[in-house]
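A short worksheet on the structure shown next.
The values are calculated or read from the model by the stated rules, or taken from the named source; none is laboratory data. Remember, it's a predicted structure, so these values are computed and weren't measured experimentally. Counting neighbours? That spans all protein chains shown, and the Cβs are built from the backbone with ideal geometry, glycine included.
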Amino acid sequence: MLTWTVGSVRVTRIEEQLGIGGMSADRFLVGFDRAVFDRHVPWLAPNHYSPEHDRLVSSMHSWLLKTGEYTILVDGCCGNHKERPWMPRFHQLNTRFLENLRAAGTEPEAVDFVLCTHLHADHVGWNTRLENGRWVPTFPNARYLFSDREDARWNPARNADLEPIRRIVYNDSVLPVVAAGLAQIVDGAHAIDDMIRLEPAPGHTPGHIVVKLESRDRRALFCGDVLHNVVQVYEPDWNSAFCEDPQEARRTRRRVLGHCADSDALLFPTHFGAPFVAAIKRTAEGFSHAFVAAPGG
Ligand SMILES: [Zn+2]
């Protein structure tokens, strides 16, 4: 179990899966330039890119924050038993995510907040679990927070044009939480307390948020899918194939990297390979990173 300390807050990585993606690097990254990418390959391989497969390596994990007062989960991976035939890596999984959570000393009932950076299938899966054929909230005592703009995009009752596969995701992973009265839909920036706040970070999706943590003059930023792979620190104009608004995604990526560099905020992404967390610096060309491994990890 990998745990970082940010001020008085302990941050633990709860793994669901770690492996190669389903698309070649040039298809996954929009704006991809093979010659530029090849310059990064010596340090990207093997933890962030598999040259053998020409696939990016990506993790699916949640971040578990223990503040002393609250237990908070940032993002909920893909979940078990979800019907996702269009995406083999998300489809009918049976992972040890909940066992990993318990190994970190947390029962699902102890989670106070679930913060959804956005409502894509690989971030809301563990919002719910299958019980006697019904989807029920995995964290029955939590408040689940996500943004109103995000709900407007993915809620079939608010978006008549929503693609059928998106309806499946909302209906099995978001709607049961809303129906149970556990959803708290926030508008714009929102503070959990004086340490943790949500801020809009649109682009990948319209209502994407990031989570900022500040404790005892130490800072962290949980960026969701503002970045997918560490190569984007060096090539911030490269989007993922799943970024909905390309221009806004690039602007937000640069703003988030700038914030991390200027305020010494550690970057905690959802999909980076090991060692998963990075410090960001400004350079003459843009940005650079240094991985920050968990102590003992
Ligand atoms: Zn994602």
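Before moving on, here are some points about what is shown:
- Matching residues, region 193-220, being within 16 Å of the ligand (Cβ to nearest atom) and not in a loop (DSSP other than H, G, I, E, B): ILE209, VAL210, VAL211
- With respect to the conditions (1) within 16 Å of the ligand (Cβ to nearest atom); (2) buried (at least 17 other Cβ atoms within 10 Å of the Cβ), ALA265 falls short on a single one, namely (1).
- Answer residue from region 34-53, given it is exposed (fewer than 15 other Cβ atoms within 10 Å of the Cβ) and touching a residue at least 12 places away in the same chain (Cβ under 8 Å) and is nearest to the ligand (Cβ to nearest atom) among those: HIS53
- Residues that are within 16 Å of the ligand (Cβ to nearest atom), under 16 Å from VAL210 (Cβ atoms) and touching a helix residue (DSSP H, G or I) at 6+ places or on another chain (Cβ under 7 Å), drawn from region 241-261: CYS243, ARG253
- Test set (1) of a type outside the set (Lys, Arg); (2) within 15 Å of the ligand (Cβ to nearest atom); (3) surrounded by fewer than 24 Cβ atoms within 10 Å (Cβ to Cβ) - ALA274 fails condition number: (2)
- Members of region 88-103 that are of a type in the set (S, T, N, Q) and either under 17 Å from the mean Cα position of the chain (by Cα) or on the phi < 0 side of the Ramachandran plot (or both): ASN94, THR95, ASN100
- Residues located in region 131-158, provided they are of a type in the set (Gly, Ala, Ser) and either in a loop (DSSP other than H, G, I, E, B) or surrounded by fewer than 20 Cβ atoms within 10 Å (Cβ to Cβ) (or both): GLY133, ALA142, ALA152, ALA157
- If only residues of region 65-113 that are among the aliphatic types (A, V, I, L, M) and in a loop (DSSP other than H, G, I, E, B) are counted, the one that is surrounded by the most Cβ atoms within 10 Å (Cβ to Cβ) is VAL111.
- Any chance LEU119 is within 17 Å of the chain's Cα centre (by Cα), in a loop (DSSP other than H, G, I, E, B) and either at negative phi or in contact (Cβ under 8 Å) with a residue 24 or more places away in the chain (or both): yes
- Whichever residue in region 104-116 is of a type in the set (A, V, I, L, M) and more than 16 Å from the ligand (Cβ to nearest atom) and, among such residues, is farthest from the chain's Cα centre (by Cα): ALA110
- Single unsatisfied condition, ARG253 versus (1) more than 19 Å from GLY7 (Cβ to Cβ); (2) in a strand (DSSP E or B): (2)
- Of all residues in region 221-235 being outside any helix (DSSP H, G or I) and more than 12 Å from the ligand (Cβ to nearest atom), the one that is farthest from GLY19 (Cα to Cα): LEU221
- Residues considered: VAL136, VAL124, VAL74, VAL114. Of these, the only one that is closer than 24 Å to GLY273 by Cα and either modelled with pLDDT under 95 or out of contact with any Asp or Glu (no Cβ under 9 Å at 6 or more places or on another chain) (or both) is VAL74.
- Meets criteria (crowded, with 24+ Cβ neighbours inside 10 Å and either over 18 Å from VAL210 (Cβ atoms) or more than 16 Å from the chain's Cα centre (by Cα) (or both)) for THR128: yes
- Members of region 1-29 that are in a strand (DSSP E or B), out of contact with any His (no Cβ under 7 Å at 6 or more places or on another chain) and within 21 Å of HIS289 (Cβ to Cβ): LEU2, THR3, TRP4, THR5, VAL6, VAL11, LEU18, GLY21, LEU29
- Any hit, region 262-284, residues being over 26 Å from GLY19 (Cβ atoms), out of contact with any Lys or Arg (no Cβ under 7 Å at 6 or more places or on another chain) and part of a helix (DSSP H, G or I): yes
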